[in-house]
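Student: Pasting in a structure now, in structure tokens, and then I'll have a few things to ask.
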Ligand code: FAD
Ligand code: ZN
């Protein structure tokens, strides 16, 4: 069927009201991704205000043979949330769907529209005396729908799990434009296949998430943050084991920052504090206690003293206030921004068994330096989860764009072959999107791919939901 664009735009206007259908002017806020790597051209940007309107948009698209690309905060890092350049896809922005529908304190849940910004939800949970423990550097603009569509991780996965573990239910508009209401906040429900878990992490390719019921947690009584300096990754791994044995589930965050990653932060954001002298590795630890601040501080400081005695760390600094703690996190969270300032880079979001990380880095660092003399390794991430952002920046003075175009494929091959050799994953938390689709086709087992394609075919037989992404 050839598409009648004018008739489709009329149908979209009828579905959501003419002012919420954007076709002219500068649409780059929706058409260009956060990394500025993918720029598409949408047939229209449509901004429904309710689940019924989302369903009407999907039905209109189906009737006219158009595909739909859902978008939340457009902070995704794998090119999954912007349209392709065909000018035929409808960009469906969830950003106007931003209501908190209910907070149930006794059930420890909140039910929210998909377009709610994560930070707003954290605040609303906090106002209710509870904790929504999903946290990532993009929280000021990413949406909960995007978090669930990508099964986002972030900085508290160690204690609370990733977005999947924080979700009890979903409301989804299917590829036919029907609404599946699975929002009941049940912790137990074994009535057949788990549809919720199918949509979580599906990156808009199976349906559109319009609302979610999220798990909340009691707020910890005290929370403390520290930086510690390590001479090598093996020490970081040993420190993790010591911290886990001393702090148990109280250890909520364990992040590492390589020296070059932190150097980039200081180069591009010189106003940020430098609590420790530069070291090969700087670890950020966060500890949350259900008892009071004094008990927590004693336990936390005694962990760091033991680490010093065992020569796992060379130096440490514990934040004295919430403001200082936020400043330490700010250092960590500024790495992606500093990298973007430095120029395009080859990003890897890999997962490995924690125990394999030192050997993996030793081997892969050496292989990259040999193949691409002068490359700069921006290595940082969620060591507690075995998840590294193992990024490769062009040699100093080399134009980043040209380096990326020429060498991304070769660099990926070295890194992903090593990941595979160590039984890791080439996408820990950012997803597949457009960026890693070929990698998925090449590296996932044939049986897994066959099952994934069968699911896609069953839920979206016309291939209208974010086509060309993931599979
Ligand atoms: P978008 O970018 O709009 O979309 C992402 C994908 O989800 C697309 O495929 C889109 O089609 C789909 N989608 C969006 N909304 C819906 C919906 N309602 N229904 C169905 N599909 C939908 N990620 C992590 O996991 N951990 C991190 O620590 C982390 N840190 C980051 C730091 C920075 C500075 C930045 C820019 C990004 C970071 N990310 C991280 C990646 C990104 O923030 C997350 O993937 C986030 O969850 C995306 O949310 P979003 O609303 O921006 O989604
Ligand atoms: Zn991350």
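Quick note: the coordinates plus some simple rules give every number you see, no bench work behind them. Bear in mind that the values here come from a model prediction, so they are computed numbers and not experimental data. All Cβ positions, glycine included, derive from the backbone under ideal geometry; neighbour counts span all protein chains shown.
Student: Quick one, can you get me the convex hull of the C-alpha atoms of segment 222-332 expressed as volume per residue in Å³?
Tutor: Each residue corresponds to 82 Å³ of Cα convex hull volume.
Student: Which value, to two decimals, describes the C-alpha radius of gyration of segment 230-290 once divided by 2.2 N^0.38 Å?
Tutor: In units of the globular-protein estimate, segment 230-290 measures up at 1.26.
Student: Once the piece of chain linking residue 306 and residue 409 is laid out straight, how much longer is it, given 0.36 nm per residue of separation minus the C-alpha distance between them?
Tutor: The span from residue 306 to residue 409 would gain 32.7 nm if fully extended.
Student: Let me ask something else. Which value, in Å to one decimal place, does the Kirkwood hydrodynamic radius take for the chain when every pair of different Cα atoms is included?
Tutor: Details: mean 1/r = 0.0429 Å⁻¹.
One over the average 1/r among Cα pairs gives 23.3 Å for the chain.
Student: In whole percent, what relative contact order does the chain give with Cα contacts below 8 Å and a gap of six or more residues?
Tutor: 15
Student: Against the longest alpha carbon principal axis of the chain, how many degrees, from 0 to 90 and to the nearest 10, is the axis of helix 5-16 turned?
Tutor: Around 70 degrees separate the two axes.
Student: Here's another thing I want to ask about it. Over segment 63-143, what is the relative contact order in whole percent, taking alpha-carbon pairs under 8 Å and six or more residues apart?
Tutor: 27
Student: Still on this structure, I have one more. What's the whole-number percent of alpha carbon pairs in segment 3-93 lying beyond 20 angstrom?
Tutor: Working: 1141 of 4095 pairs.
Here the long-distance tail beyond 20 Å is 28 percent of all Cα pairs in segment 3-93.
Student: Using only the Cα atoms of segment 300-368, what do you get for the radius of gyration and for Dmax, in Å?
Tutor: According to the Cα coordinates of segment 300-368, Rg and Dmax are 16.5, 43 Å.
Student: Distance between the C-alpha centers of segment 296-323 and segment 144-159? Whole Å please.
Tutor: 28
Student: A follow-up question, please. Go through 31-40, 379-388 and give me the packing order, highest mean Cβ count within 10 Å leading. List each step's numbers first, then the result.
Tutor: Numbers: 31-40: 17.8, 379-388: 24.4.
Highest mean packing first, the order is 379-388, 31-40.
Student: Here's another thing I want to ask about it. Can you list the equivalent-ellipsoid semi-axes of segment 158-292, largest first and in whole Å, using the square root of 5 times each Cα gyration tensor eigenvalue?
Tutor: 39, 20, 14
Student: Mind sorting 456, 219 by how few other Cβ atoms lie within 10 Å of their own Cβ, fewest first?
Tutor: By the 10 Å Cβ count, ascending: 219, 456.
Student: Can I ask one more? Using Cα centres only, tell me the gap between segment 202-233 and segment 404-471 in whole Å.
Tutor: 24
Student: So between residue 23 and residue 355, what do we pick up on full extension, going 0.36 nm a residue minus the alpha carbon distance?
Tutor: Going from the current span to full extension adds 114.4 nm.
Student: Quick check on the chain: of the DSSP beta bridges with both residues there, what percent are antiparallel, nearest 5%?
Tutor: 85
Student: Once both labels are modelled 7 Å past Cα along the beta-carbon direction, what's the residue 128-residue 291 spacing in nm?
Tutor: Distance between label points: 3.0 nm.
Student: Next question, about the same structure. D for segment 11-150, whole µm²/s, Stokes-Einstein with Kirkwood Rh over alpha-carbon pairs at 4 °C and 1.567 mPa s: what number?
Tutor: It diffuses with D of about 82 µm²/s by this estimate.
Student: Now a separate question. Could you give the length gained on full extension between residue 462 and residue 369, defined as 0.36 nm per residue of separation minus the Cα-Cα distance, in nm?
Tutor: Fully extending the segment from residue 462 to residue 369 adds 28.9 nm.
Student: Relative contact order of segment 343-439: what whole-number percent is it, with Cα pairs under 8 angstrom and at least 6 residues apart?
Tutor: With pairs under 8 Å counted, the relative contact order is 41 percent.
Student: For helix 293-309, report the angle its Cα long axis makes with the longest principal axis of the Cα atoms of the chain; keep it between 0 and 90° and round to the nearest 10°.
Tutor: 60
Student: By how many degrees, 0 to 90 and rounded to 10, does the Cα axis of helix 259-268 deviate from the longest principal axis of the chain?
Tutor: Around 70 degrees separate the two axes.
Student: Could you pull out which residues in segment 326-364 have an amide N less than 14 Å from a spot 7 Å beyond the Cα of residue 423, following the Cα-Cβ vector?
Tutor: The answer is 352-357, whose backbone nitrogens lie closer than 14 Å to the label point.
Student: Segment 337-398 to segment 63-78: how many Å between their Cα centroids?
Tutor: 29
Student: Once the Cα gyration tensor of segment 343-439 is diagonalised, what are the square roots of 5 times its eigenvalues, in whole Å and ordered largest first, as equivalent ellipsoid semi-axes?
Tutor: Sorted largest first and rounded, they come to 21, 15, 12 Å.
Student: Based on C-alpha coordinates, I'd like the Rg and Dmax of segment 327-399, in Å.
Tutor: For segment 327-399, the Cα radius of gyration and maximum Cα-Cα distance read 13.0, 37 Å.
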